[in-house]
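This report refers to the structure that appears directly beneath it.
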Amino acid sequence: MEQEVGSRLRMVRTRLGITQRALARKAGVPSSTVSLIEGGRTNPSIGSLKRLLDAAGLSLAEFFSFEVAVQEKVFFHADELVEISSGPVSYRQVGAGKNQSSLQILYETYQPGSDSGRVMLTHEGEEGGVIIQGRLEVTVGDQTRVLKAGEAYLFKSTTPHRFRNVGDGVCVVVSACTPPTF
């Protein structure tokens, strides 16, 4: 809903040809409010939205009745990565989720000694990753190797596999799998 309201507000504002600051000033709200709403980072109160729409010359009914061509999100700030698993192993996903893309990209952090679990993982598809920091023991089938920063892995994920941080510090991995599994 937040993204829908934000996309609609951006469309209205750009059709009027005014800046976020100008719309905010006309509506009597902080300019940061317009930016946060349009970026989908906050959901406005009905009162704030009504003030913005009054300033744009629209009613709430008109605002929600027109069709919006939602622009595909291409770029993501670090705080927009979606935490899908936290604890000793953290997975932060790029994008909305497995129903939105045929590719899943994760920013993974493994605390010292942490692992993906005693039971080896298996699922359809392929996965690969690059170690950004630290050392990660990767087991795929009967093969095990400790990878360090700059090294990578790629395999069919129907083969049982497991990941474990064998270093003294945090291990950071950027991985991708297709199709998405989370």
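Taken together, the values in this text are just the output of simple stated rules run on the coordinates, not laboratory data. For clarity, every value in this text was computed on a predicted model and none was experimentally measured. Cβ: placed from backbone, ideal geometry, glycine included. Neighbour counts: every protein chain shown.
Miscellaneous remarks
- If R0 is 30 Å, the Cβ-Cβ spacing of Arg145 and Glu83 corresponds to a FRET efficiency of close to 0.60.
- Rounded tilt (10° steps) of 2-16 against the dominant C-alpha axis of the chain: 50
- Taking other C-beta atoms within 10 Å as the exposure proxy, Arg145, Arg51 rank Arg145, Arg51 from fewest upward.
- Quarter of the Cα convex hull surface for the chain, i.e. its orientation-mean projected area (nm²): 12.6
- As a proxy for reagent exposure, ranking His161, His77 by other Cβ atoms within 10 Å from fewest up yields His77, His161.
- Cα-based reach from Lys156 at 16 Å (exclusive), listing aspartates and glutamates while leaving out same-chain residues under 8 positions away: Glu124, Glu126, Glu127, Asp142
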